[in-house]
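No value in this document is a laboratory result; all are computed from the given coordinates. A quick note: this is a predicted structure, and the numbers were derived from the prediction, not measured. Cβ coordinates were reconstructed from backbone atoms using ideal geometry, including for glycine residues, and neighbour counts include every protein chain displayed.
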Amino acid sequence: MAFQYFVPHYLSAAIYQNALNWTIIIGIFTLVVGIGSLISLHYDKIARRKEHWPYSVVTMVALALMTVIGLWSPDAIQNPRGLFMHLYFFVLAPVTATMFALLAFFIASAAYRAFRARTVLATLLLLSAVIVMLGRVPIGEYMTGWLPEGLRFSDIARFILDYPNTAAKRAIYIGVGLGVAATSLKIILGVERTWLGGGQ
């Protein structure tokens, strides 16, 4: 896909389209495997009465309920007033927002531990975080609003987010993409079998 982006030839476009079609097909089978794995995991927790097994019951009931409602009304996604989309917007979306809100507290706790200026890199990370946070709130503009443009907290924060942060994110995305490709090849070739539930 990266090759096709840089080499816009009809042959590379055809290979790209073929790969895209296979990605959709593999994604469908992956969805089936994922649902099977989810059911197997939570059924085992319920059957053995493991810790927090009532949450597994809620998960299984929610999975069955959404599946039945989705299959019962073929236009579930297109109909914003249907039961399926009501459950999505008024149950799943608030739960997701709550999870992200809780995650913010964990991030704050981790940031407190990570941003101790013990090394040069930790000090740079701490200074960058402080500048970005001050550049995103009104008090930062109040503190440096009198400075010329380019030296204010908001300008420096924008520079940090646009250049060093973007470069780091792209590097992470490339690393994740290569990791996904390598893991997928290992699973396809049978080298990686831990997803089957075995230790080896």
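Of the residues Leu87, Leu83, Leu102, the single one that is surrounded by 14 or more Cβ atoms within 10 Å (Cβ to Cβ), farther than 23 Å from Ser154 by Cα and under 23 Å from the mean Cα position of the chain (by Cα) is Leu87. Of note, Ile139 satisfies the criterion of being under 30 Å from Leu161 (Cβ atoms), in a helix (DSSP H, G or I) and more than 22 Å from the chain's Cα centre (by Cα). The helices (runs of 4 or more DSSP H) found entirely in region 1-118 that carry 2 or more residues being under 30 Å from Ala181 (Cα atoms) and touching a residue at least 24 places away in the same chain (Cβ under 8 Å) are 10-48.
Do any residues in region 158-184 that are closer than 19 Å to Val132 by Cα have Cβ atoms under 6 Å from those of residues that are surrounded by 10 or more Cβ atoms within 10 Å (Cβ to Cβ) and aliphatic (A, V, I, L, M), where the two are at least six apart or on different chains, and which pairs are they? From region 158-184, the pairs are Ile160/Val132. Taking region 65-80 as the range and being over 26 Å from the mean Cα position of the chain (by Cα) and of a type in the set (Ser, Thr, Tyr) as the test, only Ser73 passes. Take Ile39 and tell me if it is surrounded by 11 or more Cβ atoms within 10 Å (Cβ to Cβ) and within 21 Å of Thr194 (Cα to Cα). Spelling it out, Ile39 is indeed surrounded by 11 or more Cβ atoms within 10 Å (Cβ to Cβ) and within 21 Å of Thr194 (Cα to Cα). A residue that is more than 30 Å from Pro74 (Cβ to Cβ), surrounded by 13 or more Cβ atoms within 10 Å (Cβ to Cβ) and of a type in the set (Ser, Thr, Tyr) occurs somewhere in region 148-156.
Looking only at region 142-182, which residues are of a type in the set (Gly, Ala, Ser) and assigned to a loop (DSSP other than H, G, I, E, B)? Answer for region 142-182, where residues must be of a type in the set (Gly, Ala, Ser) and assigned to a loop (DSSP other than H, G, I, E, B): Gly145, Gly150.
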